[in-house]
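First up is the structure itself, then whatever we jot down about it.
The values are calculated or read from the model by the stated rules, or taken from the named source; none is laboratory data. In this text the structure is predicted, and so the values were computed from the model without any measurement. Heads up, the Cβs are rebuilt from the backbone with ideal geometry, glycines too, and the neighbour counts pull from every protein chain shown. Each accessible area value is taken on the protein alone, full model and side chains, heavy atoms only, with ligands, DNA and RNA left out. Shrake-Rupley method; radii C 1.70, N 1.55, O 1.52, S 1.80 Å.
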Amino acid sequence: GIRPKSRGAGGQPSVVICTAMKLLLHPIAATVAGLCITALFAISSAFLLSLPAHHSSPPFPLLSSATATAASSRSGWRSGRNLLFSKGDRRRSAPAGPEPSAQECVTFISKWMPQRDRGVLPEGFIEDHVALALAARERTAWGANVPKDVFMNYVLPYASLVEKRESWRGLFMNTLMDLIATSNSSAQAGALLNDRIWDMFGVKYVAAQTPQTLSVFETLAAKNASCTGLSIFLVSACRAVGVPARVVGTPEWNTPEGGNHNWVEVYDTSTDSWLFTGAAEWSGRWDQGWFFPQPAKKQVPHDLKHGIYATAWAPPGPFPVNPEVYVPISWDPEDRSVRGVDVTARYLQEPTPAKQGLRIA
């Protein structure tokens with residue numbers, strides 16, 4: 001355990017050390033040694049710089065604000081996406097057009113967010129949703145086929161109506177991505193979700209739960225919701241795995257009985273069209289529901305009371321030439337914070353046969 005001395009038996013410097021010192025003091029030897037050391041340093045530095053950055057995050061974590069901030073400072077947020085998946089997980093089809101950048105997505109969401117959300121969302125909340133939405137787009141065979149404007153309006157948003165703002169995307173991605181991994185279109189993925197998630201999460205329909213139960217985590221806690229809460233739940237699950245989806249509904253049916261209702265529309269990448277279904281009411285076919293054809297066909301276009309409206313994050317058309325359309329909130333008629341699209345005319349027509357009979361097994 002005693003370190004050996006570097007001197008000889010007589011206490012004088014050893015022969016080996018003396019020889020080494022003489023060589024190092026020789027001008028030519030010193031020059032050669034310096035050049036060798038410099039070359040080795042340069043080679044090792046180049047090797048280290050060439051190594052790719054390694055991230056050990058588990059698959060699909062909900063990024064913390066610190067992680068999101070760090071990611072945003074490298075490669076314009078592209079590194080933030082790399083935290084979420086390995087090379088083997090990348091999309092299997094080439095994009096049809098320019099891919100949205102993370103900074104573009106953050107700007108879009110921030111620009112058109114409801115006034116009620118400004119200055120109150122947690123730090124990194126939007127960036128986390130954006131990073132996970134972009135990751136989901138990379139994970140499916142059909143993700144690149146979702147048009148950019150559809151992705152921005154109907155996958156990116158963190159909310160549908162006036163529900164509590166929550167970070168639900170990571171939960172749904174972890175739970176549901178494998179379920180839709182083999183789907184060949186966003187419509188097939190949406191059908192699988194509507195058919196399976198209610199049993200998976202133990203959620204069921206109970207009337208008259210709006211507005212006390214609206215958000216994803218409120219529904220999970222209560223294990224039930226009415227049509228509005230279930231629609232928000234399904235839309236959120238769809239968006240979390242890259243399926244464009246939106247809440248649709250009417251403030252009041254144009255019938256003697258009246259009553260409001262909400263359901264869901266999903267964008268189909270195979271037909272470039274919107275399909276509707278009732279949340280927790282999958283019948284095996286799109287564009288079917290207890291509300292169609294009646295009483296839906298009695299509704300009136302451009303009527304704030306008897307029209308049918310779908311949610312939208314940004315105003316449609318060349319704003320501000322076209323007036324903004326908002327989604328009427330049946331339990332709060334004064335609320336005009338949710339942008340929308342009047343889709344009543346679509347429900348006055350017969351469904352296209354090609355949109356029906358989607359097999360999900």
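Just the residues that are touching a Lys or Arg at 6+ places or on another chain (Cβ under 9 Å) and either surrounded by 16 or more Cβ atoms within 10 Å (Cβ to Cβ) or under 17 Å from S183 (Cβ atoms) (or both), please, taken from segment 122-137. I'd like the intermediate steps shown before the answer.
Of segment 122-137, the ones touching a Lys or Arg at 6+ places or on another chain (Cβ under 9 Å) are 122, 125, 128-129, 131-137.
Matches in segment 122-137: F125, D128, H129, A131, L132, A133, L134, A135, A136, R137.
Being within 12 Å of the chain's Cα centre (by Cα) and within 21 Å of F276 (Cα to Cα) narrows it down to one residue among L161, L156; which is it?
Numbers: L161 fails: within 12 Å of the chain's Cα centre (by Cα).
Among L161, L156, only L156 is within 12 Å of the chain's Cα centre (by Cα) and within 21 Å of F276 (Cα to Cα).
Tell me which residues, restricted to segment 79-103, are open to solvent by 70 Å² or more (accessible area, probe 1.4 Å) and at pLDDT 95 or above.
Across segment 79-103, the qualifying residue is only Q103.
Considering only segment 138-161, how many residues are open to solvent by 10 Å² or more (accessible area, probe 1.4 Å) and assigned to a helix (DSSP H, G or I)?
So the count comes out to 9.
Exactly one of these conditions fails for S283: (1) at pLDDT 95 or above; (2) over 30 Å from K148 (Cβ atoms); (3) polar (S, T, N, Q). Give me its number.
(1)
Yes or no: segment 174-185 includes at least one residue that is under 30 Å from H306 (Cα atoms) and open to solvent by less than 20 Å² (accessible area, probe 1.4 Å). Walk me through how you get there before you give the answer.
First pass over segment 174-185, keeping only residues under 30 Å from H306 (Cα atoms): none.
Checking segment 174-185: not a single residue is under 30 Å from H306 (Cα atoms) and open to solvent by less than 20 Å² (accessible area, probe 1.4 Å).
What are the residues in segment 189-209 that are surrounded by fewer than 21 Cβ atoms within 10 Å (Cβ to Cβ) and not in a helix (DSSP H, G or I), if any?
Hits for segment 189-209 are G202, K204, Y205, V206, A207, A208, Q209.
Please work out if R196 is touching a Leu at 6+ places or on another chain (Cβ under 7 Å) and not hydroxyl-bearing (S, T, Y).
Yes, satisfied.
Looking at the structure I just gave you, is S215 open to solvent by less than 10 Å² (accessible area, probe 1.4 Å), free of Cβ contacts under 8 Å to residues at least 60 places away in the same chain and under 21 Å from the mean Cα position of the chain (by Cα)? Steps first, answer last, please.
Details: open to solvent by less than 10 Å² (accessible area, probe 1.4 Å): yes; free of Cβ contacts under 8 Å to residues at least 60 places away in the same chain: yes; under 21 Å from the mean Cα position of the chain (by Cα): yes.
Here the answer is yes, as S215 does meet what is asked.
Hey, L134 hits all of (1) within 23 Å of V325 (Cβ to Cβ); (2) within 11 Å of the chain's Cα centre (by Cα) but one; which does it fall short on?
(1)
Residue-by-condition table, conditions (1) farther than 27 Å from Q188 by Cβ; (2) aliphatic (A, V, I, L, M); (3) buried (at least 19 other Cβ atoms within 10 Å of the Cβ); (4) modelled with pLDDT of 95 or more:
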{"residue": "A279", "(1), (2), (3), (4)": "no, yes, yes, yes"}
{"residue": "F291", "(1), (2), (3), (4)": "no, no, yes, yes"}
{"residue": "A296", "(1), (2), (3), (4)": "no, yes, yes, yes"}
{"residue": "H302", "(1), (2), (3), (4)": "yes, no, no, no"}
{"residue": "G307", "(1), (2), (3), (4)": "yes, no, yes, yes"}
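Would you be able to tell me the number of residues in segment 242-264 that are touching a Ser or Thr at 6+ places or on another chain (Cβ under 7 Å) and outside any loop (DSSP other than H, G, I, E, B)?
The number of residues fulfilling the criteria is 6.
The rows are residues; the columns are (1) open to solvent by 10 Å² or more (accessible area, probe 1.4 Å); (2) over 16 Å from V155 (Cβ atoms); (3) modelled with pLDDT of 95 or more.
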| residue | (1), (2), (3) |
| --- | --- |
| L220 | yes, yes, yes |
| I232 | no, no, yes |
| S236 | no, no, yes |
| P244 | no, no, yes |
| V247 | no, no, yes |
| N262 | yes, yes, yes |
| T271 | yes, yes, no |
| F276 | no, yes, yes |
